[in-house]
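First comes the structure, then the notes that go with it.
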Amino acid sequence: MQRVSNSSQIRVALVEDDVHFQNALIEAIGAAPDMTLQSVAGTRALGLQALDQIQADVLLVDLGLPDGSGIDVIRAAHTKWPGCNIMVSTTFGDELHVMQSLEAGASGYLLKDSAPERMVFEIRSLYSGGSPISPLIARQILMRFRQDDKSAAAPLEPASGKPALSAREQEVLEYITKGFTSDEIAVMMSVSRHTVLTYVRRIYAKLEVNSKAEAIFEARTQGLLND
Amino acid sequence: MTDYPASQSLDKSNFYKTHATLWERNSLRDYLGLLVLGATLWHPQVQASEPLHFAFAEILSIEGRGYSPPPYTINAGDLHGEWQPVALPHALLPQRIDAALHDDSSSPLTVVTWYRLQVPKLAPAAEPRYLYIPRWKTDGQIAVYGDSRLLYQSHASMEWNGWNLPLWIALDETAGALTPRVILLRVERPRKSGGGISSVWLGEENSLVWRYRVRDVLQVQLPFMSSAAFLALGLFALFVWLRQRDQSLYLLFFCVSLTSYLRSMHFYMGAERLPISDDWFSWLTVNSLFWMIATVHFFLNYLHRRPPVWLNRTVSGVTVVISIATLPLFEALPNIYILSALAYVVLLTMGTAVATVGLRKSLQVRSRDGIFLASWGLLGMLFGLYDWLLQNNYVNIEGSYLGSYSNIIAFLIFTYIMFRRYVGAIEDVKQVNASLAMRLQAREAELTQSHERLREIEHRQTLSQERQRLMQDMHDGLGSSLTSALRVVEHGRMDEGEVAQVLKGCIDDLKLAIDSMEPVEADLLLLLATLRFRLGPRLESTGIALSWEVKNIPALDWLDPKNALHILRILQEAFTNIIKHTQATVIRVATHATHENNDFVVVTITDNGRGFSVEDALTCGGKGLSNQLRRAVAIGAEVGWESNGHGTCFTLRLPISHTKLNEK
């Protein structure tokens, strides 16, 4: 991790066309002593351009940009800024938006109606390796990996490059679908809350790898790629 | 060798006269044969390779009683009587029997007729010579002598003695033997029946044997083989019929083939003694013709499908009566062989009637097979007529019976008909299969189409239901909250904080509505988890602690998006009530399954607030509780409140199985 040395400040980059949310965030970050806003982009093009600058610690991306999808920015950032924590900003945190962002390489999301303190909290939590998760997303991920289990007889299949969930990760997801918070889960599993959140982060990473492997598999079966 | 004056006495004019007579009646073959004989007479020292053809003979008849075995040797000179010159072929007509003479079966009135043939002196030949008699006929016995020595005798029975088999008799069988100069034929027969012989050939094998072979094949082998082949096909048809009992045509075909086979035995059996008595053999072979015609009649009926009742009865009646009457069981009645000439007249009449009626009906219905078969039947009757004339010596006895050929042609016609039926049936099956496949395909396409249409309708219905559900939800929740907030803000009676609260509530409403669209797969806990996820931050902000005590519960199969939203709204309302009115500090959410009365899943939300009067709240309170009640009824659930000064316990009871929901 090449964190810029001048301080322990969390550098945040923002790609967001909604001026009100921009302002709310600028305000919140301004109020937070440990954060600085590195850049603000209002379009997809500007957002991609911003990736040429020095790597930010947290990138906050809106999906519905005027000139295209924020997914492209997430993908580009995932390769250009490998150490960056990407976060999607969403109104509802609904499964459709969140899942495709996670698959593109995001590791968290931020609800736009969150209170300013909550926003700062979420950014901090993401920066420190934790990821938020909703019961519906947890359920979706469980089902995604369960399907993979069914399609392949072998418990682990290194050949396909698809990672499987560990027992602990699966346990976390199952607790989440039952409505338990990360604090409660931490108690039940006798780990720290932070550990629970890093489990989630790992799960998201596996989901991303998984979806990439799936895409390659798809392309291969359709003859778009050879070997 | 000078005791054969007759041969010397045949002068030229006599020859030509006879020749002219023969020319009128005989075939070209005979005429040519006669020329050969003429040549031999003019040039006694003929070339050895040319066969001799005897168109003349001398006969002498001696009457007697009973059959007598032929003597081993006989000299023409020993026979007393006057030899008469006759032309060959020669027919012996039945004699009228004087009523005074008693004719009994033990010693019938018989007559022995001797034919004498003078053979010119032939040079010794390297090859043996043969005597060839194409046809002969007697109801007794024939014996052949060469220079007074017995060469051949028919040794089967009197009636079935192989009269349809051409004779091929070797003459020179001993070393250095000379060809006989005189051939004697002894024909013994009852006086009341006819007989006769054809012209006679004598020659070396290589020049003569083809005549014998051709005749043997046409007259004996062909009827034998064809009738056997016919029977084989008939057996095939029989097996078809045994499997397909409704196809009686196949049975009829078998019957025709069987009767035809029986009849054809006439033409090739008799050289050896028969395994059954003459009487039974006669009964079988003569009656088989009746059976055959009866079967053909029913076969024709089948083809034109207009059976004439009167003819059915007549044919059946005549056939049965004749078959029974001629059974050789009754001693008093003469056997069928004797009556055959009469029987054949009846048969010809019946056959002609069958063929004519069959032809007419077939023409009416344009049955090609029927017309074909009936026409041949008529023609066959002409053949039959000819055979009858031949049998009774009214036509040249050297001819062959045509009945066997008529059978062969009939066999081909029948086979052709059956072949067409058979192939037709196969074609039909193929077509039926093809059309079946096509219909199946059409049905499949139809089914797919209707299935698709159904799915489309279903899809449209789902969409419309979903739309209605969301509309209702927006109208009751978000819409009404926003409008009432708008009214209050317009009148300036709401500060910013309150407006924010209203808007936050609206956003929560929206989030829950969106969550309700995700499939929860019958998982109530997931639904509760979602609720907590959405409302958690708000509870947190109010400082109320949430105690999450859910336990695993059975799946609720009826949990579709619509029902899910109702549950979410009921529970949301419960939380809202607690936050707004009770000043509670702790909320406890628990689930359990109960099996009292019915199977239920129970969700309880307990708070430690100040409580409220349930009755008052229901009668004059806000819309909150009544909304919860209404929604609970809509999903077949029950809601309940227990409240006192130390808190409130709200209960939601959800039936586990959908059927119970329907009953409500």
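Rule-based calculations on the coordinates, nothing more; no lab input. All of these numbers come straight from a predicted model, not from anything done at the bench. Neighbour counts run over all protein chains shown; Cβ positions are idealised from the backbone, glycine included.
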Determine, from the Cβ-Cβ distance of B:Val432 and B:Arg306 and an R0 of 25 Å, the FRET efficiency 1/(1 + (r/R0)^6), rounded to the nearest 0.05. 0.35
Would you pull out the residues with amide H under 5 Å of B:Ser61's amide H, same chain only if 5 or more places away, H placed 1.01 Å from N? B:Trp114
Point-charge dipole on Cβ atoms (K/R +1, D/E -1) for the stretch B:495-663, about Cα centre, debye to 20: 120 debye
Antiparallel as a % of all DSSP beta bridges within the protein assembly as shown, to the nearest 5? 75 percent
Using Cα-Cα distances under 8 Å and only pairs 6 or more residues apart, what relative contact order does the stretch B:492-596 have, in percent? 35 percent
Over chain B, what is the percentage of antiparallel beta bridges among all DSSP beta bridges, to the nearest 5? 95 percent
Here, B:Thr542 and B:Ala425, labelled 7 Å along Cα→Cβ, have an inter-label distance in nm of 8.9 nm
A:Met188 paired with A:Ala164, simple spin-label distance in nm, labels 7 Å along Cα-to-beta-carbon: 2.3 nm
Work out from phi, with θ = phi - 60° and the Karplus expression 6.51 cos²θ - 1.76 cosθ + 1.60, the ³J(HN,Hα) of each residue of the stretch B:628-640, listed in order in whole Hz, and give x for Gly and Pro. 4, 4, 4, 5, 4, 4, 4, 9, x, 9, 10, 10, x
Which one, B:Ser257, B:Ser199, B:Trp160, is farthest towards the positive end of the dipole of the protein assembly as shown when Lys and Arg carry +1 and Asp and Glu -1 on their Cβ? B:Ser199
Length gained when the stretch B:Val345-B:Leu463 is fully extended (0.36 nm per residue, less Cα-Cα span): 33.2 nm
Modelled label-to-label distance, B:Cys506 and B:Thr619, 7 Å Cα→beta-carbon offset: nm? 3.6 nm
Got a sec to turn the phi values of the stretch A:134-145 into Karplus ³J(HN,Hα) couplings, 6.51 cos²θ - 1.76 cosθ + 1.60 with θ = phi - 60°, whole Hz, x for Gly and Pro? 9, x, 5, 5, 4, 4, 4, 5, 4, 5, 4, 6
Principal axis lengths of the stretch B:550-657 from Cα atoms, whole Å, largest first? 36, 26, 24
Karplus 3J(HN,Hα) series, Hz, for the stretch B:211-219 with 6.51 cos²θ - 1.76 cosθ + 1.60 (x for Gly, Pro): 4, 4, 5, 4, 5, 4, 5, 5, 8
Computed [θ] at 222 nm, helices only, for chain B once each DSSP H run of length n ≥ 4 contributes -39500 (n - 2.57): -18000 deg cm²/dmol
Hey, quick one: spin label on B:Glu642, modelled 7 Å out along Cα-Cβ, who in the stretch B:605-620 has an amide N within reach, i.e. under 17 Å? B:605-615
On a 28 Å Cα-Cα criterion, which of the cross-link pairs A:Lys80/A:Lys178; A:Lys80/A:Lys112; A:Lys112/A:Lys178; A:Lys212/B:Lys511; A:Lys112/B:Lys580 come out too long? A:Lys80/A:Lys178; A:Lys212/B:Lys511
If amide H atoms are built 1.01 Å from N in the plane of the peptide, which residues on other chains or at least 5 residues away come under 5 Å of the amide H of B:Asp139? none
Using amide H atoms built in the peptide plane, which far-off residues or other-chain residues are under 5 Å from A:Gly64 H to H? A:Gly70
For B:Leu79 and B:Ser375, what does the FRET efficiency come to when R0 = 56 Å and r is the distance between their Cβ atoms, rounded to the nearest 0.05? 0.60
Provide the FRET efficiency to the nearest 0.05 for the A:Asp67-B:Met474 pair, computing r from the beta carbons and using R0 = 45 Å. 0.90
So, relative contact order of chain A in percent, Cα under 8 Å, 6 or more apart, is 16 percent
